[in-house]
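The values are calculated or read from the model by the stated rules, or taken from the named source; none is laboratory data. All of these numbers come straight from a predicted model, not from anything done at the bench. With ideal geometry, Cβ positions are generated from the backbone for all residues, glycine too; neighbour counts draw on all protein chains shown.
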Amino acid sequence: MKLNKDCSQIKIFLPVTLEIYDKHYHKRADEGVITKEQADELIAKLSKIKKANPKSLIESQKNIIVDKTTYYERNMAVVEASDELLAFQVNDSEGVEDTVAKAKAKNIPVKIFKYKI
């Protein structure tokens, strides 16, 4: 799917602000979890989307760290904004499982695509 120039058809929920997310992913690159190039690419894409349509990037203003708790809070925000959930679960991700459970509890239709890598 090709995005509209204004990115109006997409919503991305972050557990923190983009600035904090940037620092977090570059820290993960320093730890060797991902590469610096992957961190740079992710933040560049998110920045481009935010520039095209600031309403497309939903940043949590209340959280100052990225951890399991803030990701699970973000999951609830995703569910609250959804009328249907398409979940792409890689390697039995607990975060995706959390989002699916929250959606099902609110009687939101869910379709799960599971992958192993």
Item checked: Conditions (1) out of contact with any Cys (no Cβ under 8 Å at 6 or more places or on another chain); (2) at pLDDT below 95; number of the one not met by Ile49 -> (1)
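To keep it simple, each residue is scored yes or no on (1) under 24 Å from Tyr115 (Cα atoms); (2) without any contact (Cβ under 8 Å) to a residue 24 or more places away in the chain; (3) not charged (D, E, K, R).
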site: Ala39; (1), (2), (3): yes, yes, yes
site: Ser47; (1), (2), (3): no, no, yes
site: Ala52; (1), (2), (3): no, no, yes
site: Ile58; (1), (2), (3): no, no, yes
site: Ala81; (1), (2), (3): no, no, yes
site: Asn91; (1), (2), (3): yes, no, yes
site: Gly95; (1), (2), (3): yes, no, yes
Note to self: For Val78, only one of the following conditions fails: (1) surrounded by fewer than 16 Cβ atoms within 10 Å (Cβ to Cβ); (2) under 26 Å from Val100 (Cα atoms). What is its number?
What the structure shows: (1)
